[in-house]
Amino acid sequence: MKASFVIVNYNRKDEILLTISKTKALPDFNTADYEIIVVDNASTDGSANAIKNQHPDILLVENEINLGAPAWNIGFEKAKGDYFIILDDDSQVDFGLDKALTYLDQHQDVGVLALNITGGAFETGHWKNLSQYAGFIGCGAIIRKALFDKIGGYASWIFLYTNEYEYGIRCMEAGYKIRYFADCHVTHRTSNINRTSKRLITYSVRNEMAIIYKYFNKKHRTLFLTRVYLNNLRCVFNYGIRSLPWYCTALIEFLKLKKELKHTPVKLEVENFYSKDFWSTRRFLGIF
């Protein structure tokens, strides 16, 4: 099988039904080359029953609890395709998928292909076509099955946010590249359900610091931890003074989490690439 669409849903019944319909409507979609796998994260809005009633032909996995981003791993494990096309319950491939998969066929060193995402807070249209990046945006990307077989899926300790950059570090450490493919377009409809700025900040800052703590050399990580926190703290100007407690909570949660993390430093070249590519690990105000 050529590729598996792997989608995680949580209490967005209307959105997931639309995503499935849009996916089936793609010009090249056929059941010989593609499959759709939906992992439902213990939704309480009737999502699972609606999917079974309207799309009985797809593979539906019903989780008893909400696993967050690691729920994708369940879909990856069941997927039969050579590639995993990752979508959110509220994102859809518009066009260019055939070109993206052909590119991956021709470039075996690419483990993840980041796609051209429009809509929401994390658009990629400003990324440079075919350039290498340290991570990707999880509502529109393609993972090579061979990479998953080698390094596994998303980290179990990251419930939400920045899991794609943790995966990116392990991808590069395994000798694969992450490239951006501008000719495959994804629309992120960005439902407001289950999304809050507070949760975004708390998880993102915690996870960004945890990634540094786990993978960076001990000689360098204090510097980069400081950069990550201070660069994120500057976003108070965007969210307002009400957001200050969120950053405090994020720091407290990181201090708790780091006790559970085993230090597994990556190669210096991987650390250097990540630190130059990811926004919060760059120099704080150009000073240090």
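The values are calculated or read from the model by the stated rules, or taken from the named source; none is laboratory data. Source: prediction; values computed, not measured. For neighbour counting, all protein chains shown are included, and Cβ atoms are generated from backbone atoms with ideal geometry for every residue, glycine included.
Just checking, does the stretch 196-207 include any residue being more than 22 Å from Leu160 (Cβ to Cβ) and without any contact (Cβ under 8 Å) to a residue 12 or more places away in the chain? Talk me through it step by step, then tell me what you get.
Residues of the stretch 196-207 that are more than 22 Å from Leu160 (Cβ to Cβ), as a first pass: none.
No.
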For this session: Select from the stretch 1-28 the residues that are free of Cβ contacts under 8 Å to residues at least 60 places away in the same chain and either crowded, with 16+ Cβ neighbours inside 10 Å or not assigned by TED's automatic domain parsing to the domain that holds Ile142 (or both) and list them in ascending order.
Result: Lys13, Leu17, Ile20, Lys24
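What number of residues within the stretch 214-225 satisfy the criterion of being under 22 Å from Ile287 (Cβ atoms) and either in contact with a helix residue (DSSP H, G or I) (Cβ under 6 Å, 6 or more places away or on another chain) or not polar (S, T, N, Q) (or both)?
Our first condition is that a residue be under 22 Å from Ile287 (Cβ atoms); within the stretch 214-225, this holds for 216-217, 219-225.
Restricting the remaining residues to those that are either in contact with a helix residue (DSSP H, G or I) (Cβ under 6 Å, 6 or more places away or on another chain) or not polar (S, T, N, Q) (or both) gives 216, 219-221, 223-225.
The number of residues fulfilling the criteria is 7.
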Problem set entry | Residue list for the stretch 111-129, restricted to those being hydrophobic (A, V, I, L, M, F, W, C) and either over 18 Å from the mean Cα position of the chain (by Cα) or farther than 15 Å from Ala182 by Cα (or both) | Ala121
Exercise. In the set Lys13, Lys78, which member is within 20 Å of the chain's Cα centre (by Cα), more than 29 Å from Gln132 (Cβ to Cβ), at pLDDT 95 or above and among the charged types (D, E, K, R)?
Worked result: Lys78
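Restricting attention to the stretch 125-135, does a residue exist that is within 17 Å of Val6 (Cβ to Cβ) and aliphatic (A, V, I, L, M)? Write out each step before concluding.
Of all residues in the stretch 125-135, those within 17 Å of Val6 (Cβ to Cβ) come to none.
Scanning the stretch 125-135 turns up no residue that is within 17 Å of Val6 (Cβ to Cβ) and aliphatic (A, V, I, L, M).
Per-residue answers, yes or no, for (1) hydrophobic (A, V, I, L, M, F, W, C); (2) not in a loop (DSSP other than H, G, I, E, B):
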residue	(1), (2)
Ala134	yes, no
Gly138	no, no
Lys150	no, yes
His185	no, yes
Arg199	no, yes
Seminar exercise, completed: From the option list Asp33, Asp57, single residue qualifying as in contact with a Lys or Arg (Cβ under 7 Å, 6 or more places away or on another chain) and surrounded by fewer than 17 Cβ atoms within 10 Å (Cβ to Cβ) is Asp33
For this session: Go through (1) in contact (Cβ under 8 Å) with a residue 40 or more places away in the chain; (2) on the phi < 0 side of the Ramachandran plot one by one and return the number of the condition Gly96 breaks.
Result: (2)
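Which of the helices (runs of 4 or more DSSP H) contained wholly in the stretch 213-288 include at least 2 residues that are under 24 Å from Phe136 (Cα atoms) and in contact (Cβ under 8 Å) with a residue 24 or more places away in the chain?
On the way: elements: 218-233, 236-239, 244-257, 268-277.
By residue number, 218-233, 244-257, 268-277.
Kindly indicate the residue of the stretch 68-87 that is aromatic (Phe, Trp, Tyr) and in a helix (DSSP H, G or I) and also surrounded by the most Cβ atoms within 10 Å (Cβ to Cβ) among those meeting that condition.
Quick first cut of the stretch 68-87, residues aromatic (Phe, Trp, Tyr) only: 72, 76, 83-84.
Of the ones still in play, those that are also in a helix (DSSP H, G or I) are 72, 76.
Values: Trp72: 25, Phe76: 21.
Among residues in the stretch 68-87 that are aromatic (Phe, Trp, Tyr) and in a helix (DSSP H, G or I), the one surrounded by the most Cβ atoms within 10 Å (Cβ to Cβ) is Trp72.
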For this session: Filter the stretch 136-161 down to the residues that are closer than 20 Å to Phe5 by Cβ and more than 16 Å from the chain's Cα centre (by Cα), then identify the one that is surrounded by the fewest Cβ atoms within 10 Å (Cβ to Cβ).
Result: Asp149
Exercise. Does at least one position in the stretch 37-55 carry a residue that is over 19 Å from Arg189 (Cβ atoms), of a type in the set (Ser, Thr, Tyr), part of a loop (DSSP other than H, G, I, E, B) and over 16 Å from the mean Cα position of the chain (by Cα)?
Worked result: yes
For this session: Residue by residue through the stretch 257-275, note down the ones that are surrounded by 11 or more Cβ atoms within 10 Å (Cβ to Cβ) and basic (Lys, Arg).
Result: Lys258, Lys267
Exercise. Taking the condition within 8 Å of the chain's Cα centre (by Cα), surrounded by fewer than 24 Cβ atoms within 10 Å (Cβ to Cβ) and of a type in the set (Ser, Thr, Tyr), does Tyr133 pass?
Worked result: no
Problem set entry | Failed item, numbered, when Gly68 is tested on (1) over 15 Å from the mean Cα position of the chain (by Cα); (2) on the phi > 0 side of the Ramachandran plot | (1)
Seminar exercise, completed: Scanning the stretch 276-288 for residues that are at pLDDT 95 or above and buried (at least 17 other Cβ atoms within 10 Å of the Cβ) gives Asp277, Phe278, Ser280, Thr281
